[in-house]
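What follows is a single structure, written as structure tokens, with notes after it.
The values are calculated or read from the model by the stated rules, or taken from the named source; none is laboratory data. Just so we're clear, the structure is a prediction, and the values are computed from it rather than from any experiment. Counting neighbours? That spans all protein chains shown, and the Cβs are built from the backbone with ideal geometry, glycine included. For the accessible areas, the whole protein counts, side chains as well, though only heavy atoms, and no ligand, DNA or RNA atoms are used. Shrake-Rupley method; radii C 1.70, N 1.55, O 1.52, S 1.80 Å.
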Amino acid sequence: MTQDELKLAVAREAIKYVEEDSIVGVGTGSTANFFIDELAKMKGRIDGAVASSEATATRLKERGIRVVELNSVGELAVYVDGADEITEHLAMIKGGGGALTREKIVAAVARKFVCIADGSKLVPTLGEFPLPVEVIPMARSWVGRQMVKLGGIPRLREGFTTDNGNLIIDVSGLKILNPPELEQAINNIPGVVTVGLFAQRGADILLLGTPNGVKTYRR
Ligand code: 5RP
């Protein structure tokens with residue numbers, strides 16, 4: 001099976017977690033795009049969606065799904081999104097697409113986070129994928145120096161500005177043995193908007209695409 005076939009398989013499986021007449025939280029990236037296309041097939045049976053990025057909002061609207069502002073929503077039953085890396089304990093690195101801040105906000109509001117990923121994303125330890133950190137532009141160099149102190153190698157994502165008008169530093173060389181602790185430590189650095197570690201609030205369910213079918217992991 002190709003990677004795209006695995007992404008489609010998990011996107012289809014994730015539709016089972018969508019409640020009728022509800023507003024759905026929708027993530028960003030190529031796997032989330034497959035989910036949006038599947039969600040469009042049931043658009044008459046949902047009230048709308050909250051998007052985690054401008055790109056996702058555009059795709060939802062193009063497919064006729066009503067996009068709702070998060071501020072007008074009390075709660076979300078489910079948030080569906082991909083990941084760059086995920087462990088069996090359902091801690092993740094996210095933000096490869098640069099949407100980590102809005103993703104973390106929408107995920108926080110949702111009762112259930114369903115992560116959809118092809119098998120290549122499952123890792124024993126987070127950190128092979130460079131950890132994205134969204135920073136306020138004036139704090140770029142300072143935050144970079146703090147990343148070096150944590151043992152990482154920071155690299156500015158060239159030519160990229162987030163939907164929030166900020167920058168992304170991608171930090172490689174980190175072997176993340178305690179994801180919630182590192183998430184807290186990086187969150188505490190002045191100038192950091194969001195770190196792409198999703199461990200304090202990880203996924204609740206992982207739908208992993210494998211050649212033998214979709215495997216379900218629960219927290
Ligand atoms: C975007 C993300 C994505 O979920 C992550 O990058 C995975 O993307 P893809 O499904 O394209 O592999 O966090 O900010």
Carbon plus sulfur, as percent of the 1.4 Å-probe accessible area of the chain, comes to 50
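With +1 on each Lys and Arg Cβ and -1 on each Asp and Glu Cβ, how big is the dipole of segment 63-186 about its Cα centre, in debye rounded to the nearest 20?
On the way: 14 positive and 15 negative charges, 40 e Å.
That gives a dipole near 200 debye.
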Label-point separation (nm) for ILE105 and ASN187, each offset 7 Å from Cα along Cα-to-Cβ? 1.6
Please identify the GluC sites (Glu not before Pro) of segment 44-120 that satisfy two criteria: DSSP loop assignment and at most 13 other Cβ atoms within 10 Å. Which are they? GLU69, GLU75, GLU88
Roughly how many debye, to the nearest 20, is the charge dipole of segment 1-77 about its Cα centre, given +1 on each Lys and Arg Cβ, -1 on each Asp and Glu Cβ, and no other charges? 200
To check my understanding: the extent here is largest minus smallest coordinate of the Cα atoms along each principal axis. What are those three numbers for the chain, in Å, largest first? 50, 39, 29
Whole-Å semi-axes of segment 94-209's equivalent ellipsoid, largest first, each the root of 5 times a Cα gyration tensor eigenvalue? 22, 16, 13
Please give me the summed charge of the neighbours of THR161: other residues whose Cβ is under 13 Å from its Cβ, Lys and Arg +1, Asp and Glu -1. -2
If you take the beta carbon distance between ARG155 and ARG63 as r and set R0 to 45 Å, what does 1/(1 + (r/R0)^6) give as a FRET efficiency, to the nearest 0.05? 0.85
Quick one: compute the contact order of segment 32-147, relative version, from alpha carbon pairs under 8 angstrom and 6+ residues apart, as a percent. 25
Segment 51-101 and segment 1-48 have their Cα centres apart by a whole-number Å value of 11
